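The structure appears right after this line, and notes come after that.
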Amino acid sequence: MQRTLALVKPDAYAAGHAGAILAKIQESGLSVVGARSLHLTRAQAEGFYHVHSERPFFGDLCTFMCEGKILAVCLEGEDAIKRWRDLMGPTNASEAGPETIRGQFGTSIERNATHGSDAEDTAAFELGFFFAGLDLV
Ligand code: CMP
């Protein structure tokens, strides 16, 4: 069993796609262990994406992540990190197939509808960023 963080980003949340994305998650067999919606501050977005702080897109990425509410979800299942990333499709939504969540609900590399942890150590950091231990029992 593995846990991973899924985010529905401000573009998909504002467009009303959070429910459809959760339905696709549940159809895939992954379990939702915890979920919360929130509106990130700039400092929180910068903290979450700190590994990208030297990248040229960091400022725009943080601006985008603060523009509206997001949904943070803890997913659980066998091989959950890879299964959620496969379900999302490639980072660049304009290159994602229509069968993927980013292909269906994203529009670009920045406005790509969803986020997923990329490894066990990042999943641990990212889940801890959004959830206290008691939220995920
Ligand atoms: P995400 O999976 O949330 O992880 C980091 C995010 O940075 C990524 O999705 C994209 O939204 C964004 N990103 C990655 N590369 C670029 C890029 N070249 N230009 C703009 N945004 C990017």
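The values are calculated or read from the model by the stated rules, or taken from the named source; none is laboratory data. This structure is a prediction, so every number in the text was calculated from the model and none was measured. We place every Cβ from the backbone using ideal geometry, glycine too, and count neighbours over all the protein chains shown.
I need a count of the residues in the range 29-57 that are free of Cβ contacts under 8 Å to residues at least 24 places away in the same chain and more than 17 Å from Glu126 (Cα to Cα).
Residues in the range 29-57 being free of Cβ contacts under 8 Å to residues at least 24 places away in the same chain and more than 17 Å from Glu126 (Cα to Cα): 3 in total.
Please give the number of the condition Leu61 fails out of (1) touching a strand residue (DSSP E or B) at 6+ places or on another chain (Cβ under 8 Å); (2) under 16 Å from Arg102 (Cβ atoms).
Of (1) touching a strand residue (DSSP E or B) at 6+ places or on another chain (Cβ under 8 Å); (2) under 16 Å from Arg102 (Cβ atoms), only one is false for Leu61: (1).
I'd like the residue in the range 92-105 that is more than 30 Å from Val137 (Cα to Cα) and either within 10 Å of the ligand (Cβ to nearest atom) or aliphatic (A, V, I, L, M) (or both) and, out of all such residues, is surrounded by the fewest Cβ atoms within 10 Å (Cβ to Cβ).
The residue in question is Asn92.
Quick test for you: out of Ala6, Ala43, Ala20, pick the one residue that is modelled with pLDDT of 95 or more, under 13 Å from Ala113 (Cβ atoms) and surrounded by fewer than 16 Cβ atoms within 10 Å (Cβ to Cβ).
Ala20
Each row is one residue, and each column tells you yes or no for (1) touching a helix residue (DSSP H, G or I) at 6+ places or on another chain (Cβ under 9 Å); (2) under 17 Å from Asp11 (Cβ atoms); (3) more than 10 Å from the ligand (Cβ to nearest atom); (4) not in a helix (DSSP H, G or I).
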| site | (1), (2), (3), (4) |
| --- | --- |
| Gln44 | yes, no, yes, no |
| Asp60 | no, yes, no, no |
| Phe64 | yes, yes, no, no |
| Leu75 | yes, no, yes, yes |
| Arg85 | no, no, no, no |
| Thr107 | yes, yes, yes, yes |
| Ala123 | yes, no, yes, no |
| Leu127 | yes, no, yes, no |
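Would you say Asp135 is assigned to a helix (DSSP H, G or I), free of Cβ contacts under 8 Å to residues at least 24 places away in the same chain and over 12 Å from the mean Cα position of the chain (by Cα)? Spell out how you get there, then give the answer.
Details: assigned to a helix (DSSP H, G or I): yes; free of Cβ contacts under 8 Å to residues at least 24 places away in the same chain: no; over 12 Å from the mean Cα position of the chain (by Cα): yes.
For Asp135, the condition - assigned to a helix (DSSP H, G or I), free of Cβ contacts under 8 Å to residues at least 24 places away in the same chain and over 12 Å from the mean Cα position of the chain (by Cα) - is not met.
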